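Since the structure comes first, as structure tokens, the remarks are kept for the end.
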Amino acid sequence: MTKDQPEATNSPSTGFSSAIRHWLPWNIEASEWDIFWASTALKLLLFPSYRSTDFEVHRNWLAITHTLPISKWYFDTTSEWTLDYPPFFAYFEKFLSTFALLIDPKIVDLNNLNYDSWTVVAYQRATVILTELVLGTAVLGFIRGSVEPPVQRIISAALFLHPGFLIVDHIHFQYNGFMFGILLWSILMARNGNKLVSGILFAILLNFKHIYIYLAPAYFIYLLRSFCLSPAGRIQTKNFLSLANAVIAVFVVSLGPFVLMGQIPQLRSRLFPFTRGLNHAYWAPNFWALVTTVDRALLQYIKQTGADIPINEFGVFSTSRGLVGNTVFSVLPDVKPIHTLVITVAWQSICLIRLWSNPTYKSFVTALTLCGWSSFLFGWHVHEKAVLLVLIPLSLLAAERQAYFRTFVIASVAGIFSLFPLLFTPTESIIEVAYSTLWVAFVYAPLSRRVYEYPKSITYVIMDVLEKVYLAGFPFLLLFVTLFPIWASRRRQDNGEPDAGYSKLEFLPLMATSVYCSIGLIWGFCRLIFIYHYEETTYQGQLNEIR
């Protein structure tokens with residue numbers, strides 16, 4: 001992908017925005033400032049909103065890193081919310097704790113569990129907004145030097161305003177905007193040809209949150225093939241040593257102190273707790289959600305018909321019912337971590353082979369998306385929030401052409417909807433639905449006009465209709481998950497039995513959400529695989545013929 005010169009600024013900012021503009025590397029347009037201030041105002045208004053246990057998790061990490069010496073960070077069990085992120089994030093919490101102490105010393109009191117005064121709420125939510133500026137500057141960087149600045153401006157705005165960040169960071173509470181900002185900076189450096197910095201930034205990101213290891217295979221192949229090897233396949237010694245030494249230096253800074261203290265086994269046990277089971281308590285909308293549903297359906301079939309099929313009694317009461325703990329199937333064979341690893345690596349390999357033979361920027365972003373997608377669909381104990389690993393890099397491909405755009409729409413609608421159960425309070429539920437609907441409308445209208453292609457065959461017509469039917473099902477799914485608990489509650493009251501029937505079905509709305517969203521995400525994954533390996537080659541051949 002070729003980049004143009006940075007575009008000129010047509011409408012300079014005024015007032016306070018104009019003053020800030022001089023301290024930034026780019027001239028920020030008035031419309032870009034409008035988006036920033038409007039989104040910041042909304043996030044400030046969300047300060048009093050619902051917050052999950054993750055809020056106390058991060059408050060406790062502030063206390064751990066401030067109160068204890070580094071040798072005890074990964075051993076402390078004062079709270080159940082122990083430190084389980086890599087060292088760079090622990091250093092990050094240590095940095096934030098310095099200012100927390102000045103605002104309210106009780107925030108960093110290790111024994112002050114579940115502290116929820118207005119000072120800690122305001123401070124921690126403010127740190128999410130401030131650190132998200134890393135994301136803001138990254139998406140601006142994509143506009144500067146873009147081939148089509150107006151289109152890239154829409155995509156950048158969509159990334160900065162993404163409902164996933166609003167739901168997961170600014171209400172539920174995490175720091176995904178900050179870390180995805182580092183990822184996007186790394187991708188931006190790859191687009192601009194600065195592959196050494198791209199690799200360094202990704203190494204830094206891995207030491208902030210290890211979930212990004214899902215994307216590591218794509219980085220490894222891309223940097224090895226396009227930076228460390230010549231087009232003829234000869235090793236570029238200088239490039240290879242520069243990248244290797246830089247990445248090693250990052251890991252030495254991060255892990256060095258813990259290596260010297262002999263704490264790597266303890267660190268590993270905190271970062272990779274394979275004993276947590278196949279499914280998260282709230283099933284992520286992936287392949288294993290479908291498998292688990294099939295297992296529960298088979299169990300009910302056996303109970304109703306008396307079919308002579310062996311049942312694992314442990315599986316009847318396991319986490320395949322949406323509880324916390326290990327997952328044991330009642331009818332189907334159990335799945336082990338090694339099984340998920342083999343399946344994930346196999347799907348990733350399909351993408352990586354293509355990337356090796358065609359190490360372009362666009363191929364890299366596609367392979368990066370598919371690596372994250374493979375891990376989300378087939379990984380072990382995947383959290384629902386990990387869908388952002390798919391949705392964020394996929395957004396960069398949304399305006400390539402119709403095939404990518406439709407994949408982006410299906411995955412975005414399914415992925416964002418799958419995050420809705422994270423917020424179960426009425427006000428926040430209304431906010432997430434309204435905001436997400438506006439976001440989809442904002443992105444869909446301008447991009448669909450730009451990339452629309454009339455279906456080329458009857459197969460594409462049928463596929464187009466089925467995809468539209470699937471997308472049209474989400475309003476009905478929303479009605480079901482909203483009204484079913486109300487209906488069940490009234491039925492309990494009418495029967496005068498608090499637990500009559502509904503106790504067996506209380507997980508049904510969540511299961512319906514996971515299953516329906518998983519269908520869209522699995523279809524989107526297969527769609528992108530097909531585009532990457534077959535349709536893209538055909539499309540480029542057609543373009544060459546036209547030229």
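The values are calculated or read from the model by the stated rules, or taken from the named source; none is laboratory data. Owing to the predicted nature of the structure, the values given are computational and were not obtained by experimental measurement. Don't worry about glycine lacking a Cβ; one is built from the backbone with ideal geometry, like all the others, and counts go over all protein chains shown. The area values use the complete protein model at the heavy-atom level, side chains included, leaving out ligands, DNA and RNA. Shrake-Rupley method; radii C 1.70, N 1.55, O 1.52, S 1.80 Å.
The table for this structure:
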quantity: FRET E, pair H210, F480, Förster distance 45 Å, beta-carbon r, rounded to 0.05; calculated: 0.80
quantity: Amide H contacts of V382 (H built 1.01 Å from N, under 5 Å, at least 5 apart or other chain); calculated: H280
quantity: Computed [θ] at 222 nm, deg cm²/dmol, the chain (DSSP H ≥ 4; -39,500 (n - 2.57); rounded to nearest 500); calculated: -20500 deg cm²/dmol
quantity: Where trypsin sites (Lys or Arg not before Pro) fall in DSSP loop in segment 27-133, at most 13 other Cβ within 10 Å; calculated: none
quantity: Qualifying lysines (Cα of each under 21 Å from Cα of K456; at least 8 residues distant if same chain); calculated: K468
quantity: Under 14 Å, Cβ to Cβ, from E132 - net charge with Lys/Arg +1 and Asp/Glu -1; calculated: +1
quantity: Straight-distance crosslink candidates among lysines, where the alpha carbon sits under 30 Å from K303 and sequence neighbours closer than 8 are dropped; calculated: K336, K504
quantity: Distance between modelled label sites at C526 and R491, nm, 7 Å Cα→Cβ extension; calculated: 3.3
quantity: Distant-in-sequence amide H partners of L229 (H built 1.01 Å from N, under 5 Å); calculated: Q236
quantity: Net length gained if the chain between L196 and L332 were fully extended (0.36 nm per residue, minus Cα distance); calculated: 44.3 nm
quantity: 11 Å beta-carbon shell around V451, net charge (K/R +1, D/E -1); calculated: +2
quantity: Relative contact order %, segment 53-129, counting alpha carbon pairs below 8 Å whose residues are six or more apart; calculated: 37
quantity: Charge context of S49, other residues only, Cβ under 11 angstrom, K/R +1, D/E -1; calculated: +1
quantity: 25 Å Cα-Cα reach of K43 towards lysines, excluding residues that sit fewer than 8 places from it in its own chain; calculated: K94, K106, K209, K385
quantity: Cα-projected label distance for L241 with R450, points at 7 Å along beta-carbon direction, nm; calculated: 4.4
quantity: Theoretical gain in end-to-end length, I70 to I311 [0.36 nm per residue, Cα-Cα removed]; calculated: 81.9 nm
quantity: Protein accessible area in the chain, 1.4 Å probe - carbon and sulfur %; calculated: 67
quantity: Rounded to the nearest 20 debye, dipole of the chain from Cβ charges on Lys, Arg, Asp, Glu; calculated: 1100
quantity: R0 of 25 Å, Cβ-Cβ distance W118-L42: FRET efficiency to nearest 0.05; calculated: 0.85
quantity: Student exercise, segment 53-129 dipole from Lys, Arg, Asp, Glu Cβ charges, in Debye to nearest 20; calculated: 220
quantity: Accessible solvent surface per residue of the chain, calculated while the other protein chains remain in place, 1.4 angstrom probe, Å²; calculated: 46
quantity: Relative contact order (percent, whole number), the chain, Cα cutoff 8 Å, 6+ residue spacing; calculated: 15
quantity: Loop-located chymotrypsin sites (Phe, Trp or Tyr not before Pro) in segment 29-95 whose Cβ has at most 16 other Cβ within 10 Å (DSSP); calculated: F75
quantity: Computed lengthening from A434 to A472, 0.36 nm per intervening residue step minus Cα-Cα distance; calculated: 12.0 nm
